[in-house]
Every structure is written in structure tokens, then in C-alpha cells.
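The values are calculated or read from the model by the stated rules, or taken from the named source; none is laboratory data. The shown structure was predicted, so the numbers you read here are calculated from the model rather than taken from an experiment. So basically every Cβ, Gly included, is an ideal-geometry build from the backbone, and we count neighbours across all protein chains shown. Surface accessibility is based on the protein's heavy atoms, side chains included, excluding ligands, DNA and RNA. Shrake-Rupley method; radii C 1.70, N 1.55, O 1.52, S 1.80 Å.
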Amino acid sequence: MAIVFVLTILCTLSLGCDEKISTDDILSKVHMRADSFEDYSYTMYVNSSLDDNNTEKYSIIWKKPVFMKGSFQASNINPGIGMMSNRSMQLIYNPDYGIVFKKSLYNTSDDDKLFEPNLYSVFLNETLNGMSPSLVGSDIIDGRDAYILELIPSTDSNKTIGEKSKIWVDKKNWMVIRYEISNKNEDALFVVSIKDIKINSDIPEHVFDFEIPKESKVIVLKEEQFSTELKKLQLEVSRKRVTFEILTPDYMPKGYKLNYTTVSSSMDTQYLSFIHSGFSIFSGQPCERVTLVYTNGDNELHVREVLSERNTSDIYGFEKDVNHININGSEGKIYPVFEGNMKALEWQSGNITITIISSLNESEIKSIAESFS
């Protein structure tokens, strides 16, 4: 009894005992710890079951206020994409294509930065934003004792990623060291592991120097190159601007007519492609996209056709309720988008990925897909 009493007192005095610490206590320490960083370095590994369990490796070094150096690799063979930020400029370097995106930081607003240097804070905010965490237990991750917090979308959140998501918080340094999204069968769809962490080690500024390779093409980004608005084109104009044959459906529900098309190429807007693909290592690869917009009054139906060296998918954030249907002998995936107000049907036609997005019912969308020629 004396031993039990002593242990009880020790647990009361220590936040290290799982049963005596609350979710709010943990989150408070996580945010306070992030705010206290003067510098850090770590390696992040990202695995996705929707990407054939390919592992992406992110090596990050950061120092207040704007210093950052990072490399992003899809494999040990791939040279990866490099990023650098210092007091005067930011760079993104793609060695596969010999391209360097450059942006001066003199007299610039935060909105005009190529990227936010403090990537751990970005990761933390995006992971927790719109979620209601709850403490569900403890675990040992790579020899580190960690709290497990389950994340549930709040009622006003439109997040639909997977069935469940969890984070693991290191009890010693209060950093998130693992993030996992799983389906209803507890199968991991997406796993982020943060390892080799060093905090406040007084990293010198010269570590963030970067010499641009002489053979590289330097693209100095200006304000107009941050625009994402695409021109509305007639179908015949779009046909002349892409290297593949644009397919069109023979069937369209009554009242729907082709209004306009848009064309985009990752090689024309490589920086935007890089950013919008979530810093994916594959975003620098050639990719052409055509969107056909059909309208019926205020209703719109979008058809996206994408040609890429790597099979692409429009399934956003591991959407729930993905159903598999047959489209002329090919496997199609249909799933809810925009908080369930619309559906997207995606399938492969040769080397083209086609996606129909509409508020029509599944039967109508399937009929449109089967009529493509």
C-alpha cells in the first residue's frame, strides 16, 4: 500500500503519467515547443498506399527567421528536388530538368514567398486544423515514448481524409513524430514518420548557402507567374495546344452543352505545379491537362483529361466511400467530393486519366463515361 501511495503522489506531480495528462495539456506543450524553436533538423519519410507504397524522403534544416534548406527524394537513386531560403532570396531547384526557380525576398509580402520556410509548423497546422484530437494511449516509436492522439474532423470541417487519423507526440521533445491515416479496416493509407530530430543546435547561417549550378536555367519568378487563372478556350483551340487526342462523350444529359475548355501544362507553369502537388517529387515531370466544362443553367459538369509520364489520380486526400465500377472494360473509381455535394468518376483510357465531376446521379455519370470516343 505504501508503494502504491508513493506512485500515486509521483504521478500527480508528473505530466509523464498517461492517466494524469489531458489532451489539452499535450497540445499546449506541442505548440509551445514549436514556438520555442530557434533551429531544427529532421528527416521525414512519407508512405502512401495509393502510390504503390512508394517512400518519399524529406531532409529539412531550418533556422529563425527565414533560413531553410531541404531536399526531397522519391528514392536513393533520384537526385530529388532542392529548396533553399535565406535573408535575400528563395530557390527551388529541380536537377532532373536543370531548372532553378528564384524569388527575391526584398520588399516582398508573405503571400509572395515561394514557400514557408518553417515546414514543421506548416505540417503541424495542416495536420491539426479542423480536427478535434483526443488522447487514446501511448506507444513506443523508434525507441521513443509517445502519446497517441486520435484526430476527428470537427463539425464545421470539410475534411474527408480516410476513416481515422492519428498523431504520435514524443513525450520528451513534444514533437509530432508520426502521422497516420487509415481506413475503417485499420489499414494504413498514409504514414508520415519524422526521425533524426535535432533541436536548437545553433546551426550556423553558412549552412544555408547554395551555389546555382552553371548549366541550370534560372527562372526569376515575378508576380504574374503566381496567377493560377487559365484562359477559356474553344475545343478546337485546345486540341492544337496539347500533344494527345482530346476525347469527348457522345452522350450528355439533356440541357448540358460544352461551354469552354482550359489547358494547362506542368512544363509551362512548373512552379505552380510543384506547389499545388504538395511538394511531390513527381511534380516536375511533364504533364498536360485539359478540362471540358459543360453547363446547364447554373449547373456545371467538368471533364478532366490528363496525360502524364506517371499515372495520376484525382482522388483528393484519400476520399471516403470509393466505389469501383466497370467502364467499358476498365476499372473506374467513383467517390464523393465537395462535402458529398458532387461525385467524381475516374478511370484510365490508354495513357489518359479521365475524371468526370458532377452533381448528377451515379447512373448518369456512368452513362457519360461509357459514351467516350
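Once the other residues with Cβ under 15 Å from the Cβ of SER367 are scored (Lys, Arg +1; Asp, Glu -1), what is the net sum? Kindly include the intermediate steps, with their values, before the conclusion.
Details: positive: LYS254, LYS343, LYS366; negative: ASP250, GLU362, GLU364, GLU370.
Around SER367, the surrounding residues sum to -1.
On the beta carbon distance between LYS64 and THR248, with R0 = 56 Å, the FRET formula returns roughly 0.55. Sorting 203-210, 98-105 by average packing, meaning the other beta carbons within 10 Å per residue, from highest down gives 98-105, 203-210. Ignoring lysines fewer than eight residues from LYS164 along the same chain, the ones with Cα atoms less than 20 angstrom from its Cα are LYS184, LYS320.
In the range 319-373, carbon and sulfur make up what percent of the accessible area (probe 1.4 Å)? Don't jump to the answer; show the numbers that get you there.
Values: 1060 of 2590 Å².
Using a 1.4 Å probe with all protein chains present, the range 319-373 comes out at 41 percent carbon and sulfur.
Label positions at SER22 and ASP196, each projected 7 Å from the Cα along the C-beta direction, are separated by 3.9 nm. Only lysines eight or more places from LYS63 in sequence, or on another chain, were considered; those with a Cα closer than 17 Å are LYS113, LYS198. Given a Förster distance of 41 Å, report the FRET efficiency between ASP145 and GLU215 from their Cβ-Cβ distance, rounded to the nearest 0.05. It comes out at approximately 0.25. Legend: calculated FRET efficiency, GLU236 to ASN361, from the Cβ-Cβ distance at R0 = 30 Å, rounded to 0.05, equals 0.45.
Solvent-accessible area assigned to carbon and sulfur over the range 173-257 amounts to 47 percent, based on a 1.4 Å probe.
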